[in-house]
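K.L.:
This is the structure I want to talk about, given as structure tokens.
The values are calculated or read from the model by the stated rules, or taken from the named source; none is laboratory data. In this text, all values refer to a predicted model and were calculated from it rather than measured experimentally. Please note: Cβ atoms are built from the backbone with ideal geometry, for glycine as well, and neighbour counts cover all protein chains shown.
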Amino acid sequence: MKPLTAEKEKSRKNLTKLVFQQVYPYRKWLLLIFFAMIVQTLMDIATPWPLKVVIDNVIGNHALPSWLQWLNSSTGESKLKIAAIASLSLIIITVIGALASYVYSYFTESVAQYVANDVRQEVYHHLQRLSLGYYDTHQVGKILSTITTDVSTMQDFVSSTLLSIVVDAMTIIGILSLMFFINWSFALLAIAVTPFLLVFVFRFKKAVKRSTREVRKDESEMLAVLQQGLESIRVINAFGTQQTEEDRLKKVSMETVHAALKTRRLKALVSPVVSIVVTLCLALVLWKGSSLVLAGVMTVGSLTVLITYLTKFFSPVKDLAKMTNAVAQATVALERIQQILSTDDVIPEKPNALVPQKLNGEIIFDNVSFGYNHSVTVLKNINLKINPGERIGICGQTGCGKSTIAGLISRFYDPSGGKILIDEIDITDYNLEALRKQVGFVLQDTFLFYGSVAENIAYGKPAATEEEIRNAARLADAEEFILKMPEGYNTLVGERGLTLSGGQRQRIGIARAVIRNSPILVLDEPTSALDSESEKIVIDALEKLMEGKTVITIAHRLSTIRNSDRIIVIKDGVIEEEGSHEELITYGKFYSELYQARTRTNISINNPVSK
């Protein structure tokens, strides 16, 4: 039990620290808000007193308190004068309270908006710097739920609930003080009832928090299903699995409904219980107060003020009880935000990391090992030297670790053993952003963003000029089809570039790498998804791109790497063979068998036997 308690205490401190860090930059606004809240609370507490003066000293015949004796006069107009001043006081109190309410409401919402923006930016900033290993084990839909729903929940809590709690607490303290001043027995009655309400509220809070956590979990699952379904709409249509996806959504959606209804059932219980207790207390005060008025011990005005204060006292108590749900939701939201921000799967960067201007492109793998988890090793003791300007081909069976090698060069992951050097310097000594600018990528499936063709080509170099963009397109053999598009370089491409063919997407990807002009180039199966005609066009474009660069080509189609200076054959996570295409064929080992098997497969596909 002790470790669990310590863990909870640590979590609570972390959440408190997170909230403090986010609101601290707006401390001047918070002071202004706090001052406005004090003014509003004082005006709220002062509201019943003009009514008391009118009831007791204008309508009734009670003497004015000593601090109001200056209003007395010998004329019959004294009471009208008192009524006029009391009415004017009520207007002044209301106006001051309204102005204070406006100030604290406006600036509270301002702080909430800016805090939400800061948290959203901080979470996204942190996510951008996490290792790709994090995304291998976390669903994007759930991450999106945290960035949107949970941040919005926190924003609502800051803008409405948090400061309302402070106002309510101040109101309770102020009203209790005045009730003790007017009649201590009635104040004790309110105090006697309050603990029972607080015990009920705090016990209720735990149940609501558990239930809210379940709702948030189910909502994240639902968003993940929706996001995956919409992203895979082409595959769904191709396989005709619309009903399967709808059933999957129906399942998680109903789980969300049931969890939400459970939470609503708990929330619906609070208001009736609190209302019944408060009404019983008010009825007792009304009965007791009436007897004191009839006995001449208390004035009607004093009873009116007491009942007003008692109502005002229990109003914030009821509000605090209802806010239990908002507090629970905000706590769960902060926990989920904290889970992302506390994730330490960040690629580390040294404080005085080197910022290379232009690398030569020598790459050395020194006894490098890597695994995506502790139980499975993908690469084992890789020793490899790639010379500047050398063209290296990497091949092997699916899952042997070919693409992992490319990912390690750009530090998408860090090796679990050994080290990688570029230009004789450990890549961990380089500034991460600067290192990645030195490595260009052309991937198997070029991802195009929703935007113009020009914007997609210049994605790796946003400041590129129009001439640079056009020149890159020409070198990638892309300008011809771009100019045939409705608006040329300004033509909008659909999300993920699905409005273009595979070959067109690849050539835009090549143009993107051209404009970046990195000394190291990684080609990760750039033609495996293309037909023969598109492959030839893309390979011609790649030849222009590879000039003067250190090139690492990862290929499933061995024809793509046949002309490489050296071919590295990976098998079961180790380097099985290396040499030129001709040398490896002569060896007659794994590469030769692989080449012959895939050659036979291509012949079978291209020349099917008629039956």
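K.L.:
Kindly list, by first and then second residue, each pair from a residue in the stretch 463-481 that is at pLDDT below 90 to a residue that is of a type in the set (S, T, N, Q), limited to pairs with Cβ atoms under 8 Å and residues at least 6 apart or on different chains.
P.N.:
478/504; 481/504
K.L.:
Of (1) surrounded by fewer than 16 Cβ atoms within 10 Å (Cβ to Cβ); (2) over 17 Å from residue 350 (Cβ atoms), residue 434 satisfies all except one. Which?
P.N.:
In the conditions (1) surrounded by fewer than 16 Cβ atoms within 10 Å (Cβ to Cβ); (2) over 17 Å from residue 350 (Cβ atoms), residue 434 misses (2) alone.
K.L.:
Of all residues being surrounded by fewer than 19 Cβ atoms within 10 Å (Cβ to Cβ) and within 32 Å of the chain's Cα centre (by Cα) in the stretch 75-106, which is modelled with the lowest pLDDT? Just the residue, please.
P.N.:
Taking the candidates together, the pick is 105.
K.L.:
Which of the residues that make up the stretch 546-591 are of a type in the set (S, T, N, Q) and under 30 Å from residue 515 (Cβ atoms)?
P.N.:
Listed by number, the residues that qualify are 550, 553, 559, 560, 563, 564.
K.L.:
Let me ask something additional. Conditions first: (1) under 26 Å from residue 129 (Cα atoms); (2) touching a residue at least 40 places away in the same chain (Cβ under 8 Å); (3) surrounded by fewer than 18 Cβ atoms within 10 Å (Cβ to Cβ). Residue 492 passes all but one, so which condition is the exception?
P.N.:
With (1) under 26 Å from residue 129 (Cα atoms); (2) touching a residue at least 40 places away in the same chain (Cβ under 8 Å); (3) surrounded by fewer than 18 Cβ atoms within 10 Å (Cβ to Cβ) applied to residue 492, the lone miss is (1).
K.L.:
Right, something else. For the stretch 554-568, how many residues are more than 14 Å from residue 580 (Cβ to Cβ) and in contact (Cβ under 8 Å) with a residue 12 or more places away in the chain?
P.N.:
Going through the stretch 554-568 one residue at a time, the tally reaches 5.
K.L.:
Identify, by number, the condition in (1) polar (S, T, N, Q); (2) closer than 23 Å to residue 362 by Cβ; (3) touching a Pro at 6+ places or on another chain (Cβ under 8 Å) that residue 506 doesn't meet.
P.N.:
(2)
K.L.:
Tell me, please, whether a residue that is at pLDDT 75 or above, on the phi < 0 side of the Ramachandran plot and surrounded by fewer than 19 Cβ atoms within 10 Å (Cβ to Cβ) can be found in the stretch 310-325.
P.N.:
no
K.L.:
Taking the stretch 367-419 as the region of interest, how many residues are in contact with a Phe, Trp or Tyr (Cβ under 8 Å, 6 or more places away or on another chain) and within 18 Å of residue 579 (Cβ to Cβ)?
P.N.:
6
K.L.:
I've got another one for you. When residues of the stretch 374-399 are filtered for being among the β-branched types (Val, Ile, Thr), surrounded by fewer than 21 Cβ atoms within 10 Å (Cβ to Cβ) and in a strand (DSSP E or B), how many remain?
P.N.:
The number of residues fulfilling the criteria is 1.
K.L.:
Next question. Taking the options 169, 190, 207, name whichever one is assigned to a helix (DSSP H, G or I), more than 34 Å from the chain's Cα centre (by Cα) and at pLDDT below 80.
P.N.:
190
K.L.:
Let me ask you something else. Conditions first: (1) surrounded by fewer than 21 Cβ atoms within 10 Å (Cβ to Cβ); (2) at pLDDT 75 or above; (3) not β-branched (Val, Ile, Thr). Residue 334 passes all but one, so which condition is the exception?
P.N.:
For residue 334, the failing item is (1).
K.L.:
Among the residues of the stretch 335-393, write down those that are within 17 Å of residue 434 (Cβ to Cβ), touching a helix residue (DSSP H, G or I) at 6+ places or on another chain (Cβ under 7 Å) and not hydrophobic (A, V, I, L, M, F, W, C).
P.N.:
349, 350, 356
K.L.:
Which of the residues spanning the stretch 545-588 are touching a helix residue (DSSP H, G or I) at 6+ places or on another chain (Cβ under 8 Å), of a type in the set (A, V, I, L, M) and modelled with pLDDT of 85 or more?
P.N.:
Across the stretch 545-588, the qualifying residues are 552, 554, 567, 569, 570, 584, 585.
K.L.:
With the checklist (1) more than 27 Å from residue 315 (Cβ to Cβ); (2) in contact (Cβ under 8 Å) with a residue 40 or more places away in the chain; (3) surrounded by fewer than 17 Cβ atoms within 10 Å (Cβ to Cβ); (4) among the β-branched types (Val, Ile, Thr) in hand, flag the one item residue 137 doesn't pass.
P.N.:
The one condition residue 137 does not meet is (2).
K.L.:
Need the failing condition index for residue 233 against (1) farther than 30 Å from residue 45 by Cβ; (2) modelled with pLDDT of 70 or more, just the number.
P.N.:
(2)
K.L.:
Of all the strands (runs of 3 or more DSSP E) wholly in the stretch 541-586, which have at least 3 residues that are surrounded by 23 or more Cβ atoms within 10 Å (Cβ to Cβ)?
P.N.:
550-554, 566-571
K.L.:
Being closer than 26 Å to residue 568 by Cα and of a type in the set (Val, Ile, Thr) is the filter; apply it to the stretch 337-373 and report the residue that is surrounded by the most Cβ atoms within 10 Å (Cβ to Cβ).
P.N.:
Selected residue: 363.
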